[in-house]
Amino acid sequence: MPQFRMTGRGLWITVLIVPPLCFVALFIVYPIISAFAYAFFDWQGLRRLDFVGLENFHTVLFVEPYRSWTLNAFKNNIIVFFALMVLQNGLGFILAYALWRELPGARFHRIAVFLPVVLSTIIVAYLFKLFYHPLFGVVNISLKSIGLGEWAQPWLGQSGTALWSIIAAQAWHMVGFPTLVFLAGMQRIPGEILDAVRMETESEWVKITKIVWPLVAPSATIVFTLLFVGAFNWFELPYIMGGLDGSPFGSTDVLGLYFYRTAFGNVSAGQQDFGLGSALAVLIFIFIAAIAAVITTRLRAREIQL
Amino acid sequence: MSVATTNYYDRRGILGTLGRDGLLQIILIANTILMLAPIVIMVFSAFKTTPQIFQSPFGIPDFSQVQNFIKIWSETNFLRYLLNSFLVTGASMVLILTLGTMAAYAIGRYAFTGASFILMFFLAGLTLPLKLAIIPLFMLMRDLSILNNQLSLIFVYTAMGLPSTVFIMTGFIRTLPNELEDAARMDGASEARIMWSIMLPLVRPAMVIAGIQNVVPIWNDFFFPLVFIQNDSLKTLPQGLTTFMGEYTTDWGVLFSGLTLSAAPIIIIYIVLSRQFIAGMTSGAIK
């Protein structure tokens with residue numbers, strides 16, 4: 001009887017665990033492992049040809065025009081990452097600090113700041129594309145109405161402003177996320193510590209830099225890492241607002257667009273190349289994994305256990 | 001510390017508090033206006049004709065003017081896209097919650113060899129950016145003959161949703177007390193019956209959190225339909241929106257009402273369930 005019961009339970013556990021495992025194995029683990037393998041082959045359309053070793057990697061890193069494209073997209077991703085560190089995470093920290101004080105209306109402000117986060121990126125992209133319209137967009141109309149008409153410009157149409165305009169839309173879309181993660185971190189700071197600080201100093205600056213900031217370190221680790229991964233996977237906003245080519249003149253091209261374009265081709269360039277695309281995917285993947293690991297371990301080290 | 005400086009601190013304390021709170025309140029109000037203005041302009045513009053939008057972009061419209069919406073209803077595939085999104089999101093959520101609960105229950109409730117390894121296997125999927133594996137996924141869907149079929153989306157979303165669901169649910173299921181389960185086992189209830197009638201009713205709060213964390217990205221996803229779906233009648237809402245926005249480029253009234261209609265379902269649900277949304281969507285980032 002006990003023996004039978006054990007096998008019965010073993011069977012029951014198998015029934016529970018195998019179907020979900022199959023989904024993850026087939027649609028996550030297998031594709032990711034294959035992506036690495038694909039990068040070492042030559043491809044013609046959907047047909048795999050010869051094993052070519054590291055040639056695809058060599059091409060995207062060192063052979064023109066791929067080399068310039070890769071470097072340009074990478075440079076833009078770095079700009080995006082640092083700009084969003086300030087606009088999204090920095091602003092998020094300030095907003096979280098303001099919300100934390102539970103001033104009148106805090107509940108309403110909290111709901112408002114998170115509202116854009118639930119919207120589809122595609123809706124945000126089109127909405128801001130209309131807002132940035134040179135003639136009829138509300139951005140230029142607002143500037144003209146407050147007497148700053150000379151500042152009005154084709155925001156998405158010129159290399160100098162296009163990427164920054166898209167970054168601003170991204171910050172509007174997502175600032176609520178770090179805000180509420182930081183807020184949750186601040187709300188976990190024990191009241192005794194805050195009382196003790198109040199006895200010691202009145203300086204808000206000291207309180208923020210010496211107490212609040214170190215104690216929300218776990219939240220910072222997570223939002224910094226997520227922002228890093230997100231910034232180097234950036235696709236939807238530049239795809240809609242700048243186009244698949246990163247218009248104008250590649251000024252909004254990022255690795256996500258470049259990878260997609262290389263793998264699946266586009267109307268103007270035509271050619272699709274799974275080999276080069278996979279090589280790019282592997283490089284981006286390794287870069288993200290390596291830097292994210294460094295960020296996480298470095299930031300974890302300064303977290304304080306209470 | 002002298003009396004004078006203490007006084008100085010006191011006075012500065014009160015004024016400082018007022019001044020500081022005032023500044024913080026101003027920051028919050030300014031930010032809230034900035035957050036809501038684009039959405040308000042979008043909704044207002046949806047009720048205007050294109051010339052009205054160009055002439056007075058900030059004006060309050062006549063809300064009885066619904067010709068833009070009628071146009072969308074009668075001339076476009078919008079309703080089709082909306083139904084497709086409901087179908088794909090609904091099917092994915094049913095699969096995610098069913099399979100996720102099954103795996104989490106097995107890992108969290110039974111001690112068996114390899115349990116921690118299996119949990120690690122699921123968690124590995126938590127951080128991997130699956131977008132970068134889109135080429136092999138495309139080939140896999142082709143080999144399974146489900147390219148241009150919504151099953152491809154449902155399967156990918158299910159696999160993507162499982163790691164976070166298993167993570168949240170396992171943590172929760174482990175905290176449930178053993179007494180109920182043991183009592184039922186004494187009474188001779190089968191393992192399946194214990195799970196279904198005794199444990200499952202208790203895990204609903206975790207299901208809500210895991211559900212919201214997954215439903216929003218799936219409902220909003222654009223990347224996978226872009227690669228897997230070509231047929232217009234199979235497109236989901238974010239993808240259909242790109243078709244629609246391309247067709248009506250000059251009719252801004254229709255564009256804004258299309259955006260408003262697309263945003264309406266999730267905004268309304270968010271306003272009703274904001275607490276659960278915020279908890280669910282940040283749950284992955286809060287320990």
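The values are calculated or read from the model by the stated rules, or taken from the named source; none is laboratory data. Just so you know, these numbers come straight off a predicted model, no measurement behind them. Cβ sites come from the backbone with ideal geometry, for glycine too, and all protein chains shown count toward neighbours.
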B:ILE271, sole failed condition from (1) at pLDDT 90 or above; (2) under 14 Å from B:VAL215 (Cβ atoms); (3) surrounded by fewer than 17 Cβ atoms within 10 Å (Cβ to Cβ): (2)
Out of A:VAL117, A:VAL124, A:VAL80, A:VAL138, I need the residue that is at the interface with chain B (Cβ under 8 Å from one of its Cβ atoms) and in contact (Cβ under 8 Å) with a residue 12 or more places away in the chain. Which one? A:VAL117
Members of region A:186-206 that are buried (at least 17 other Cβ atoms within 10 Å of the Cβ) and over 21 Å from A:ALA301 (Cα atoms): A:VAL197
For region B:1-113, which helices (runs of 4 or more DSSP H) that fit wholly inside it have 3 or more residues that are closer than 30 Å to B:VAL208 by Cβ, modelled with pLDDT of 90 or more and in the same structural domain as B:PRO217 (by TED's automatic domain parsing)? B:78-109
Result of the Cβ filter at 8 Å on region A:13-36, keeping first residues that are touching a residue at least 12 places away in the same chain (Cβ under 8 Å) and more than 7 Å from every other protein chain (Cβ to nearest Cβ) and partners that are hydrophobic (A, V, I, L, M, F, W, C) and not in a helix (DSSP H, G or I), at least 6 apart or interchain, is none
Pull out all pairs, ordered by first then second residue, where Cβ-Cβ is under 6 Å, the residues are six or more apart or on different chains, the first lies in region A:168-197 and is assigned by TED's automatic domain parsing to the domain that holds A:LEU99, and the second is of a type outside the set (Asp, Glu) and not in a helix (DSSP H, G or I). A:PHE182/A:VAL216; A:ALA184/B:ILE286; A:GLY185/A:VAL216; A:MET186/A:VAL216
Search region B:25-52 for residues that are over 20 Å from A:GLU102 (Cβ atoms) and at the interface with chain A (Cβ under 8 Å from one of its Cβ atoms) and pair each with any residue that is among the β-branched types (Val, Ile, Thr) and assigned to a helix (DSSP H, G or I) when their beta-carbon atoms are under 7 Å apart and the residues are at least 6 apart or on different chains. B:ILE41/A:VAL138; B:MET42/B:THR260
Has region A:62-72 got at least one residue that is in contact with a Ser or Thr (Cβ under 8 Å, 6 or more places away or on another chain) and within 20 Å of A:ILE284 (Cα to Cα)? yes
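Quick grid of which residues meet (1) at the interface with another protein chain (Cβ under 7 Å from one of its Cβ atoms); (2) assigned to a helix (DSSP H, G or I); (3) modelled with pLDDT of 90 or more; (4) touching a helix residue (DSSP H, G or I) at 6+ places or on another chain (Cβ under 9 Å):
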| position | (1), (2), (3), (4) |
| --- | --- |
| B:MET120 | no, yes, no, no |
| B:ILE135 | yes, yes, yes, yes |
| B:LEU153 | no, yes, yes, yes |
| B:MET169 | no, yes, yes, yes |
I'm trying to understand the selection: among the residues of region B:238-280, which are in a helix (DSSP H, G or I), more than 29 Å from A:LEU135 (Cβ to Cβ) and more than 7 Å from every other protein chain (Cβ to nearest Cβ)? B:PRO265, B:ILE268, B:ILE269, B:ILE271, B:VAL272, B:ARG275, B:GLN276, B:ALA279, B:GLY280
Checked against (1) touching a residue at least 40 places away in the same chain (Cβ under 8 Å); (2) under 30 Å from A:VAL216 (Cβ atoms); (3) more than 9 Å from chain B (Cβ to nearest Cβ); (4) among the aromatic types (Phe, Trp, Tyr), A:TRP69 satisfies every condition except (2)
If you check A:VAL80 against the conditions, is it more than 30 Å from B:PHE54 (Cα to Cα) and within 19 Å of the chain's Cα centre (by Cα)? yes
Grab the helices (runs of 4 or more DSSP H) fully contained in region A:47-101, keeping just those with 3 or more residues being surrounded by 16 or more Cβ atoms within 10 Å (Cβ to Cβ) and among the hydrophobic types (A, V, I, L, M, F, W, C). A:66-84, A:91-100
Would you tally the residues in region B:205-244 being surrounded by fewer than 20 Cβ atoms within 10 Å (Cβ to Cβ) and either within 30 Å of B:PRO57 (Cα to Cα) or among the polar types (S, T, N, Q) (or both)? 5
Residues in region A:216-227 that are more than 10 Å from chain B (Cβ to nearest Cβ) and surrounded by fewer than 20 Cβ atoms within 10 Å (Cβ to Cβ) total 2
Between a residue in region A:290-306 that is within 15 Å of B:THR127 (Cβ to Cβ) and any residue that is part of a helix (DSSP H, G or I) and at pLDDT below 80, which pairs come within a Cβ distance under 9 Å, given they are 6 or more apart or on different chains? A:ALA292/B:THR127
